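Engineer: Questions regarding the structure given below will be posed in turn.
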Amino acid sequence: MEITYVSEINNNYMIIKEEGMLPSFAENMLIRNNIDGALKLEIEDINGEYEYKYMINAKQTLEKYFKYQSFNVETLKRFVLDLNKTMVGMRNYLIKEKNLLLTKESIFYNPLSKEFSFCVFPGADRDITNDLREIFRFVLSRVDHDDQESIYLGYDLQELTMKDNFCMEILLDRLTNETASPKENQKETANREPNHTEEEDKKDFLSEFKLDTELFDEIRKTEYESDKRFETGKLPNLKIFKKLSRIGDDKEKYEIKKFPFIIGKNGADVDLKLDNAVVSRFHAVITYDGKKYYIEDMNSKNGTFVNGKRIEPYKKAKISDGDDVSFANLAYEFF
C-alpha cells in the first residue's frame, strides 16, 4: 500500500494505491453516502489501476499536527468520540471495522473545527485493537506535559487499550466517568471527610498522580527518539539569525530564532502569523537539521512555493540563502 499527498486545482488529497484493488460494495457505500467522521472518497481509474483519493482540505495528519502541538483533555476526548462516531457510521452501512486505517499518517485533525477524520480503506485488513494501541502510544508521548490532567487521561486511555477485553465501550465509559479515576472509585465513601467534594478528590488525586516514567521513557526512546519537539532548535551562531523578507516590502522582515518555525494565520499555534485570507491556519514549517534548512507545506489550501515551484504537502524541500519562498501569493526571500 502506497500513500501520497497531492494538491490539485480545487482540492488536496491523500491518495492510496494498492496493486490489484478493484472497487466493490464498500467503495460504493463510501462514495454514495456521507459517513460522519470518514474522509470523503473519490476513485479514479488510471489505465486500469485505481487510485483511492481522500479529500483532506483544511486538515492535518495526526503525525504532522501533533508533532508541533500537544494533546490536551479536550482533544483526547474529541479523538475518542469522533472515532466512535465513525465506527458507528461504518456499521450502519455494513462496512467492516477492519477497513478502518488507523495510522498516524491517515488520521486527520481540523484545527478550525477541532474534529478528527478517519480513513476507511476497503483494501485494508487491519487489527483495530493493535492499531489503537499504537496510536495511543503516540498520543501519550504528545500530551501536554505541563497539564497533569492531560497526562493522567492520556496515560489512562493508553493503559485501557492494553486490556485483554479491550473495546471502544471501555474508552467511552472512561470519558463519561471523567471526574473519577479508577483509584478514586476504590475509595470508600465513609472515609470521605464531611463537605469534601468530588472535585476536591480529583485535585487531591492529580496532585499525587505519578506517570509511569519507565513506560513513558520507553515510548519516547523506541518510537520517537528523533523527535525534538521538547527542545528548541537553535542556530549554529545565535548572533546570526535567519530571516524572511517580504519581496517588494523592505519593512516586512521576520527573524527566525528557533526551529521548527511555523507559519500560518492561527496566531495561537504559529511562530509567524500572516493574517491574510490566502494563508492557511497552519500553512508551512521551516526546520533545520544542523546542516541544512528545509520548508514543508502543511497541506495548505493555496500552496507553498520555492523559487516558483509548488511543493507537495508533507514533502520537505531544501532551501538556501537567496531562495524565494512563497506562501500562496505572498513572496519572501530566505537569507
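The values are calculated or read from the model by the stated rules, or taken from the named source; none is laboratory data. This is a predicted model, so every value here is computed, not measured. Neighbour counts run over all protein chains shown; Cβ positions are idealised from the backbone, glycine included.
Engineer: Take the stretch 107-120 and flag every residue that is surrounded by 21 or more Cβ atoms within 10 Å (Cβ to Cβ) and more than 9 Å from the chain's Cα centre (by Cα). It would help to see each step written out before you state the result.
Structural biologist: First, pick out the residues of the stretch 107-120 that are surrounded by 21 or more Cβ atoms within 10 Å (Cβ to Cβ): 107-109, 116-120.
The answer is SER117, PHE118, CYS119, VAL120.
Engineer: For LYS253, work out the one condition from (1) over 18 Å from ALA317 (Cβ atoms); (2) modelled with pLDDT of 95 or more it doesn't fulfil.
Structural biologist: For LYS253, the exception is condition (2).
Engineer: Turning to a different aspect of this structure: Within the stretch 116-137, is there a residue that is outside the structural domain of PHE282 (by TED's automatic domain parsing), outside any helix (DSSP H, G or I), in contact with a Gly (Cβ under 7 Å, 6 or more places away or on another chain) and of a type outside the set (A, V, I, L, M)?
Structural biologist: Yes.
Engineer: Do any residues in the stretch 256-269 that are free of Cβ contacts under 8 Å to residues at least 24 places away in the same chain and closer than 12 Å to ALA284 by Cβ have Cβ atoms under 8 Å from those of residues that are part of a strand (DSSP E or B) and of a type outside the set (Ser, Thr, Tyr), where the two are at least six apart or on different chains, and which pairs are they?
Structural biologist: Hits for this filter: LYS265/LYS273.
Engineer: Go through the stretch 24-43 and count every residue that is within 22 Å of THR103 (Cα to Cα) and in a loop (DSSP other than H, G, I, E, B).
Structural biologist: Of the residues in that region, 6 qualify.
Engineer: Is at least one residue of the stretch 44-64 assigned to a strand (DSSP E or B), touching a residue at least 40 places away in the same chain (Cβ under 8 Å) and of a type in the set (Lys, Arg)? Give the derivation first.
Structural biologist: First, pick out the residues of the stretch 44-64 that are assigned to a strand (DSSP E or B): 44-46, 49-55, 60-61.
Filter once more, so that each one left must be touching a residue at least 40 places away in the same chain (Cβ under 8 Å): 52-55, 60-61.
Subset that is of a type in the set (Lys, Arg): 53.
Among the residues of the stretch 44-64, at least one is assigned to a strand (DSSP E or B), touching a residue at least 40 places away in the same chain (Cβ under 8 Å) and of a type in the set (Lys, Arg), which makes the answer yes.
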